[in-house]
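Only one structure is covered here, and it is reproduced in the block below.
Just so it is clear, none of the values below were taken in a lab; they were calculated from the coordinates. Just so it is clear, the structure is predicted and the values come from calculations on it, not from any experiment. Please note: Cβ atoms are built from the backbone with ideal geometry, for glycine as well, and neighbour counts cover all protein chains shown.
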Amino acid sequence: MLAILLMSCGREPLVQTQSYVFGTLVDISIYGESDAKAHQAINHVLENFQQLHHQLHAWKPDSELSQLNQSFAVGNTPVKVTPELSKMLIEASELSRQSDGLFNPALGHLINAWGFQRDEFTPVEINDADIQKWVKAQPVMSDIVIKNEMVYSRNPAVKLDLGGYAKGYALDQAAKILRDQDIKNALVNIGGNIIAVGKHGDKPWRVGIHHPRLAKPMATLELLDGWAVGTSGDYQRYFELNGRRYCHILDPHAGYPAQGTQAVTVLIPPGKNAGVMSDVASKPIFISGENAKAEAAKKMNVAFYLIVSAQGKLTASEGMSKRLNWLIKNPDVKVLPD
């Protein structure tokens with residue numbers, strides 16, 4: 001989770017709006033515009049978010065994604081999807097391949113088995129037989145065939161859940177909408193995934209990286225125009241059972257929530273899908289074993305990352321280390337060379 005830290009910058013107005021979409025808090029800040037212009041642009045962004053939320057909802061039966069999942073379950077007859085969903089599935093499939101399958105949106109049945117396809121997270125009875133059934137079925141994104149916006153799955157065990165992708169996609173859409181509305185300076189935060197447009201006055205936007213075990217930021221960093229940042233953590237969507245924490249980030253190979261990591265934060269430079277990468281790229285790093293995290297980051301082309309281990313040990317890439325302003329006293333950080 002990342003927090004927005006804003007300081008007063010002169011007399012130009014700062015307009016901030018909060019909403020609740022994608023099952024999380026959304027915060028949009030626009031600097032240096034009139035209230036009317038800022039709110040008009042914010043309304044365009046929030047309308048887009050609501051449309052995406054309805055389109056991509058993983059367990060409400062009337063969403064486009066749920067209807068596609070229903071077709072996967074009953075056969076391999078191609079189904080027509082919207083151009084936007086086709087584009088998203090192609091990109092998500094490419095990123096899944098790039099991550100060697102650690103980012104796997106095809107695991108909807110497994111996510112549901114762990115009770116994470118609902119609005120509240122309470123302990124569930126762990127049914128290992130059911131979990132292993134879905135692991136053995138091996139649903140992967142390469143099972144999905146996409147041609148001319150016609151989509152089908154060669155594996156009936158595939159059930160799409162784009163929860164680890166949709167927020168990032170929405171960030172990229174938000175940045176485009178704001179720029180199209182001639183908004184020069186803004187910050188969009190969707191549940192800890194943040195993208196910057198322009199600056200906050202004469203300074204870059206500044207965001208805080210939440211401490212995974214304390215109710216406060218542990219560091220801040222400056223976010224330049226077009227840069228995005230995102231965190232995967234075990235401290236928001238999780239439940240505890242018999243003294244053990246089970247988070248929503250699942251290891252596709254084991255079928256169980258990934259262990260050994262409290263949080264991974266990635267910083268992504270400007271690009272056509274910086275928001276998407278801020279959402280997706282942290283997951284393979286989070287899931288990978290302790291000695292494989294740097295390699296996972298390299299595969300996802302992530303140069304700037306911060307890792308908090310299960311024991312609270314800090315590891316940062318050299319580039320990320322140079323950008324962090326620590327708020328905790330005397331942090332012991334292992335720095336990995338770029």
Computed over the chain, the relative contact order (Cα-Cα under 8 Å, seq sep at least six) in percent reads 18 percent
Dipole magnitude of the stretch 142-200 about its Cα centre, charges +1 at Lys/Arg Cβ and -1 at Asp/Glu Cβ only, in debye to the nearest 20?
120 debye
Order these peptides, 223-229, 294-300, 331-337, by their mean beta-carbon neighbour count within 10 angstrom, highest first.
223-229, 294-300, 331-337
Lys/Arg Cβ at +1, Asp/Glu Cβ at -1, dipole of the chain taken about the Cα centre: which of GLY192, SER282, MET218 is farthest positive-ward?
MET218
Relative contact order of the stretch 191-292, pairs being alpha-carbon contacts under 8 Å that are 6 or more residues apart, as %:
27 percent
Residues whose placed amide H lies under 5 Å from that of HIS200, excluding near-sequence neighbours
TRP205
Distance from the Cα centre of the stretch 133-202 to that of the stretch 49-70, in angstrom?
13 Å
Dipole check, the stretch 60-153, charges on Cβ (K,R +1; D,E -1), about Cα centroid: among SER63, PHE103, VAL151 the Cα furthest to the positive pole belongs to VAL151
Per-residue HN-Hα couplings for the stretch 188-203 [Karplus 6.51, -1.76, 1.60; θ = phi - 60°; Hz; x = Gly/Pro]:
10, 10, 10, x, x, 9, 10, 10, 9, 10, x, 9, 9, x, 9, 10
Positive end of the dipole of the chain, charges at C-beta (+1 Lys, Arg; -1 Asp, Glu), about the Cα centre: which of GLY23, MET320, PRO78 has its Cα farthest in that direction?
MET320
Members of LYS203/LYS298; LYS199/LYS298; LYS167/LYS283; LYS167/LYS216 lying beyond 25 Å, as alpha-carbon distances in this model show
LYS203/LYS298; LYS199/LYS298
GluC sites (Glu not before Pro) in the stretch 89-174 lying in a DSSP loop, each with at most 12 other Cβ atoms within 10 Å of its Cβ, come to GLU120, GLU125
Once both label points are put 7 Å beyond Cα along the C-beta direction, the ASN148-ASP225 separation in nm becomes 4.3 nm
Show me the ranking of peptides 303-310, 270-277 by mean Cβ neighbours inside 10 Å, starting with the highest.
303-310, 270-277
Looking only at the stretch 256-338, where both bridge partners belong to it, what percent of the DSSP beta bridges are antiparallel (to the nearest 5)?
70 percent
With +1 on each Lys and Arg Cβ and -1 on each Asp and Glu Cβ, how big is the dipole of the chain about its Cα centre, in debye rounded to the nearest 20?
540 debye
Would you order LYS60, LYS283 from fewest to most other beta-carbon atoms within 10 Å of each residue's own beta-carbon?
LYS60, LYS283
Would you mind telling me which residue in HIS54, HIS253, HIS211 has the biggest mean-square fluctuation in a Gaussian network model of the chain, where springs connect alpha carbons within a distance under 10 angstrom?
HIS253
Suppose every Lys and Arg Cβ carries +1 and every Asp and Glu Cβ carries -1, with no other charges. What dipole size does the stretch 60-153 come out with about its Cα centre, to the nearest 20 debye?
300 debye
